[in-house]
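Engineer: Quick one: the structure is below, and I'll ask about it shortly.
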Amino acid sequence: MTPKGDGGMTMPLQDTVALVTGASSGIGAATARRLAAEGASVALVARRRDKLEELAAAIRADSGQALVVQGDVTNAQEAAAAVEAAVADLGRLDTLVNNAGVMLLGPALGAPIGEWEQMVDVNVRGVLNVTHAALPHLARAAEDSPRRVADLVTISSTAGRVARPASSVYNLTKFGVIAFSEALRQELLAKRVRVSVVEPGTVDTELTTHLREEIREAAQRQTESIQPLLPADIADAVAWIVTRDRRVAVNEILVRASEQTW
């Protein structure tokens, strides 16, 4: 069924398909709901099927369309299969939101090498795997959709702009995806595939729950005086990017909590 807004008005992303990685919670879940509210059919990709099913049910309850695709984006075959499943079921792919990410802070000296590997795997390899699989579909969508444009949005971080102690490898991954996105932006201009990054500051998500206990306590002390952003605030930024007319390319949005200095 074609999504309509109040009063039967056409919605901005009507007849388009979006895929959101890391959709089981936080920014990913909020972004999926927002894109569905704008009229997109949304493929929800993450490892936790139960959370995806809950989100899909909520989207459908609001008259949206959602597809659950369980998969690990760090695995190239699973990432490609997730993209192909979305296209096979929903018919196309107009918008990709690379949101899956992990933040494992701590001093480099004495850090478990597994934490470094996990950040590179999720924050970099995951972005590369999904993007590689999605690009041909995005280029095709930009050619044949009524909007004549497609969008590739990657969630980076203020850590992709400001390097800080105890954040070295996380900085590496987030600076890296910004550079990757900028190069892609220049490559894909002629294809009408817009490439953008959103750089959130402190957001109320599960991200810090993965930190080692002593590191988590230090991180909480650092941010306890700051009112964090909500995942919906970042979803607003993504929605702003992907609902612009094709003549407009919003390539970068930096969103800090209002009391955040870094």
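Engineer: Output the residue which, of all residues in segment 90-135 that are in contact with a Gly (Cβ under 8 Å, 6 or more places away or on another chain) and among the hydrophobic types (A, V, I, L, M, F, W, C), is nearest to Ala43 (Cα to Cα).
Structural biologist: Checked segment 90-135; the qualifying residue nearest to Ala43 (Cα to Cα) is Val97.
Engineer: While we're on this one: Name the residues in segment 113-129 that are of a type in the set (Gly, Ala, Ser) and open to solvent by 30 Å² or more (accessible area, probe 1.4 Å), would you? Even if it seems obvious, please write down each step before you answer.
Structural biologist: So in segment 113-129, the residues of a type in the set (Gly, Ala, Ser) come out as 114, 126.
Gly114 - this is the single residue of segment 113-129 that is of a type in the set (Gly, Ala, Ser) and open to solvent by 30 Å² or more (accessible area, probe 1.4 Å).
Engineer: Going through Ser63, Ser41 one at a time, which residue ends up being touching a Gly at 6+ places or on another chain (Cβ under 9 Å) and either more than 21 Å from Val198 (Cβ to Cβ) or of a type in the set (Asp, Glu) (or both)? Outline the logic, then answer.
Structural biologist: Numbers: Ser63 fails: touching a Gly at 6+ places or on another chain (Cβ under 9 Å).
Checking each option against the conditions leaves just Ser41.
Engineer: On the basis of being in a helix (DSSP H, G or I), closer than 13 Å to Ala18 by Cα, open to solvent by less than 20 Å² (accessible area, probe 1.4 Å) and in contact with an Asp or Glu (Cβ under 9 Å, 6 or more places away or on another chain), does Leu138 make the cut? Talk me through it step by step, then tell me what you get.
Structural biologist: Working: in a helix (DSSP H, G or I): yes; closer than 13 Å to Ala18 by Cα: yes; open to solvent by less than 20 Å² (accessible area, probe 1.4 Å): yes; in contact with an Asp or Glu (Cβ under 9 Å, 6 or more places away or on another chain): yes.
Criteria met by Leu138.
Engineer: Only one of Ala108, Ala58 is touching a helix residue (DSSP H, G or I) at 6+ places or on another chain (Cβ under 6 Å) and not polar (S, T, N, Q); which? It would help to see each step written out before you state the result.
Structural biologist: On the way: Ala58 fails: touching a helix residue (DSSP H, G or I) at 6+ places or on another chain (Cβ under 6 Å).
Step by step, each of Ala108, Ala58 is checked, and only Ala108 is touching a helix residue (DSSP H, G or I) at 6+ places or on another chain (Cβ under 6 Å) and not polar (S, T, N, Q).
Engineer: OK, next. Which one of Leu105, Leu67 is more than 15 Å from Val20 (Cβ to Cβ) and of a type outside the set (Asp, Glu)? Steps first, answer last, please.
Structural biologist: Working: Leu67 fails: more than 15 Å from Val20 (Cβ to Cβ).
Matching residue, one of Leu105, Leu67: Leu105.
Engineer: Kindly establish whether Glu187 is part of a helix (DSSP H, G or I) and either free of Cβ contacts under 8 Å to residues at least 40 places away in the same chain or under 17 Å from Arg256 (Cα atoms) (or both). Can you show your working first?
Structural biologist: Details: part of a helix (DSSP H, G or I): yes; either free of Cβ contacts under 8 Å to residues at least 40 places away in the same chain or under 17 Å from Arg256 (Cα atoms) (or both): yes.
It is true that Glu187 is part of a helix (DSSP H, G or I) and either free of Cβ contacts under 8 Å to residues at least 40 places away in the same chain or under 17 Å from Arg256 (Cα atoms) (or both).
Engineer: If you don't mind, there's one more thing I want to ask. From Gly106, Gly110, grab the single residue that is open to solvent by 40 Å² or more (accessible area, probe 1.4 Å), farther than 14 Å from Thr131 by Cβ and at pLDDT below 95. Don't jump to the end; show me each part of the working.
Structural biologist: Details: Gly106 fails: open to solvent by 40 Å² or more (accessible area, probe 1.4 Å).
Result: Gly110 is the single residue among Gly106, Gly110 that is open to solvent by 40 Å² or more (accessible area, probe 1.4 Å), farther than 14 Å from Thr131 by Cβ and at pLDDT below 95.
Engineer: Could you list all residues from segment 147-178 that are open to solvent by less than 50 Å² (accessible area, probe 1.4 Å), of a type outside the set (A, V, I, L, M, F, W, C), touching a residue at least 40 places away in the same chain (Cβ under 8 Å) and not in a loop (DSSP other than H, G, I, E, B)?
Structural biologist: Across segment 147-178, the qualifying residues are Asp151, Thr154, Thr158, Tyr170, Thr173, Lys174, Gly176.
Engineer: Restricting to segment 239-262, name every residue that is modelled with pLDDT of 95 or more, of a type in the set (Val, Ile, Thr) and assigned to a loop (DSSP other than H, G, I, E, B).
Structural biologist: Within segment 239-262, Thr243, Val248, Val250 meet the criteria.
Engineer: Could you list, in sequence order, the residues of segment 229-238 that are open to solvent by 50 Å² or more (accessible area, probe 1.4 Å) and either assigned to a loop (DSSP other than H, G, I, E, B) or in contact (Cβ under 8 Å) with a residue 40 or more places away in the chain (or both)?
Structural biologist: Within segment 229-238, the first condition is being open to solvent by 50 Å² or more (accessible area, probe 1.4 Å), and the residues that meet it are 230, 232-233, 236.
Answer for segment 229-238, where residues must be open to solvent by 50 Å² or more (accessible area, probe 1.4 Å) and either assigned to a loop (DSSP other than H, G, I, E, B) or in contact (Cβ under 8 Å) with a residue 40 or more places away in the chain (or both): Leu230, Ala232, Asp236.
Engineer: Any residue in segment 40-49 that is in contact with a Ser or Thr (Cβ under 6 Å, 6 or more places away or on another chain), under 18 Å from Ala239 (Cα atoms), open to solvent by less than 50 Å² (accessible area, probe 1.4 Å) and of a type in the set (Gly, Ala, Ser)?
Structural biologist: Checked segment 40-49: at least one residue is in contact with a Ser or Thr (Cβ under 6 Å, 6 or more places away or on another chain), under 18 Å from Ala239 (Cα atoms), open to solvent by less than 50 Å² (accessible area, probe 1.4 Å) and of a type in the set (Gly, Ala, Ser).
Engineer: Identify the residue in segment 7-29 that is of a type in the set (A, V, I, L, M) and under 22 Å from Ala79 (Cβ atoms) and, among all such residues, is surrounded by the most Cβ atoms within 10 Å (Cβ to Cβ).
Structural biologist: Val20
The values are calculated or read from the model by the stated rules, or taken from the named source; none is laboratory data. Only a predicted model underlies this, so the values are computations on that prediction, with no experimental measurement involved. As a convention, Cβ positions derive from the backbone with ideal geometry for all residues, glycine included, and neighbour counts pool all protein chains shown. With ligands, DNA and RNA removed, areas are computed over all heavy atoms of the protein, side chains included. Shrake-Rupley method; radii C 1.70, N 1.55, O 1.52, S 1.80 Å.
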